[in-house]
1. Would you mind classifying the chain by shape? Square roots of the alpha carbon gyration tensor eigenvalues, ordered a ≥ b ≥ c; an a/c under 1.5 is rounded, otherwise it is prolate if a/b is larger than b/c and oblate if not.
2. Around THR345, with a cut-off of 11 angstrom between Cβ atoms, what is the net charge of the other residues, counting Lys and Arg +1 and Asp and Glu -1?
3. What are the aspartates and glutamates whose alpha-carbon lies under 15 Å from the alpha-carbon of LYS534, with same-chain residues fewer than 8 places away excluded?
4. Summing +1 for each Lys or Arg and -1 for each Asp or Glu, what net charge is found among the other residues whose Cβ lies under 10 Å from the Cβ of GLY228?
5. Within the stretch 406-490, report the chymotrypsin sites (Phe, Trp or Tyr not before Pro) that DSSP leaves as loop and that have at most 16 other Cβ atoms within 10 Å.
6. Of the listed pairs LYS134/LYS574; LYS20/LYS545; LYS294/LYS387, which have alpha-carbon separations greater than 27 Å here?
7. Setting aside same-chain residues fewer than 8 positions from LYS208, which aspartates and glutamates have a Cα under 16 Å from its Cα?
8. Using the crude model of +1 on Lys and Arg Cβ and -1 on Asp and Glu Cβ, and no other charge, please compute the dipole size for the stretch 4-189 relative to its Cα centre, in debye to 20.
Amino acid sequence: MTDITGGELLVRCLHAEGVKFIHGITDGTYMMVIEALERLGPDLGIRLIVPRHEAAAAHACDAYTRITGEPGVVLACAGPGAANLLAGLMCAEAEGSPVIAFTTTRRSDISDSYVHQGGMQVSRHLDIFKPAVKWNGKVDHWNRIPDMVRHAFRVALSGRPGPVQLLIPENILNEKSDPTSAPIWPQEKCRVLDSAGYDPNAVQRAAKLLADADLVNIHCGNGAERAGAGQEVRALAEYLGAAVTSTVRARGIISDEHELCFHPTCLSRIMANSQADVVLAVGTRLGELNMWGKPPMWGEPETQQLIQIDTEPTHIGLNRPVDVGLVGDAEVILARLIDAVKDLTAKREPHPKIAEFRTVQNQWQQELDEAVADMDRTPMLTGQILKVCNEVFPEDAVFVMDGGNTTLWNIHYHLPRAMRTVIYSMNYGHLGTGLPYAIGAKLARPSTPVYCVTGDSAFGFNIQELETAVRNDLAVIIIVAVDGAYGMEKTAQRRMFGREADWFGHEHAPVRYDQVAIAMGCHGEYVEIGSQIKPALERAQASGKPAVIHAVVDPVANIDPPGNWLWTAARTGKLEM
């Protein structure tokens, strides 16, 4: 057999893993990867997506894996490219996204151990990346490329998924050798693909707790979304008449319009969390934004029992004592749990408290609706953007959130109706993810509308990726809520000092984001009142191009967005009811 380069060997390994996209800015250290993609990519079904910044590439991979459930792959060059990539991987790690990152070094005789000698674009990749990923390693020999790629995917997808980094020196990618000395195995031969592992005895114990319970609350985190467990969550909730709540990341696990579903920032959600006598936590650690699973948001551990499902054993009982822990894939375990519950109890009507929770949420929703009712109000409220988007976009459209206070408006006014349709950097709150997330989502679902509502500050972080969207014909729609400032920092100032301080430097110079977009080849729109949003969206969709809508929003109202009290309570750890 003809000798092949390490670059071709790597591409063939990625093909064996089912990879469809590789994100990376072309660089001399991995020209043999690019050569192999040019020659083999069409036949192997692998496409190169070239961004304008490596962090944006990692964000796009993060979104892609959330939509598809498959890992995303990013490639970064020695030195600067790897440095740029780091922020994106830190965000992916916080969100539990299996992003596979390949970074290159200069040739082995001047890299790593020889940094002190002054090689150009040489850095200690393994040391730098180690805290940001689940695992990282280095390929030291050509024929170990398949072994290390298999291990990277295995680790990224096991337990709680997360990013990994694999370092490959330039000379190994350039080296040619006999491919028979480095066999490539199919996925099913090198790791567990079927999420069938679970403890039947633990399932029976959990089923008995649920069957004996009066009021059950099923609380879902991103592990439920990652497993695609929406149908099972809904079936179990409807059988038990249970309340369903979720983290912001898992919104859409069942439709917000379902009678058993309660909004994550409404008092109805806190009532369900705290009043249930059994909580079934699905794919959540009950972290900071869940007040660590502690009262008063939750019941006292002595009286409220907890069943916890997670793929990662170390998450069981992490922040709150657990009565039954179930380790495994949420979709698989919930399916078994439903069968076990049905053997123990008959189907129930919704618990009487559901009506009480619904009354509270309806009143809350009415207040939200009344606040945005005047669509000719000037300047508009950010919530009016979401009100129109709910009407214009279909239920399977992918919605991306970005920003500080803009995200609070998004959370309150967006109406999720389907699983895996909401993308947000919940655990890291990483500004600038919105446009790259939208790009990754559009690659995952090319025929589905993808739109992002972002603040102007957040949009500025990765605005250059508009050109990436144009070049790759990705017709995402970005609505920029423009208040001309770092709005959440104004909120924090007012909270801390009782005033605004001119020295803070939070105001931006005026920018017309629609005109910037047009200059990059996008469609652009400018709106000042809510009634202009729908026709602007319709024109944006009709253009067939990536589009940016510059929406002027009320900067004063944006200082105190809805839900600010709950955000503050979560951040300070002080929830008063």
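We did not get these values from a lab; they are worked out from the coordinates using the rules stated. Here the structure is a predicted model, which is why all the values come from computation and not from measurement. Counting neighbours? That spans all protein chains shown, and the Cβs are built from the backbone with ideal geometry, glycine included.
1. It is oblate, given that a/c is not under 1.5 and a/b is not larger than b/c.
2. Local net charge: +2.
3. ASP374, ASP376, GLU391, GLU525
4. Spelling it out: positives minus negatives among the neighbours equals -2.
5. On the way: sites: TRP409, TYR413, TYR424, TYR428, TYR437, TYR451, PHE459, PHE461, TYR486; in loops: TYR424, TYR428, PHE461, TYR486.
Of the chymotrypsin sites (Phe, Trp or Tyr not before Pro), the ones in loops of the stretch 406-490 whose Cβ has at most 16 other Cβ atoms within 10 Å are TYR428.
6. LYS134/LYS574; LYS294/LYS387
7. ASP199, ASP277, ASP323, ASP339, ASP343
8. Result for the stretch 4-189 is approximately 280 debye, rounded to the nearest 20.
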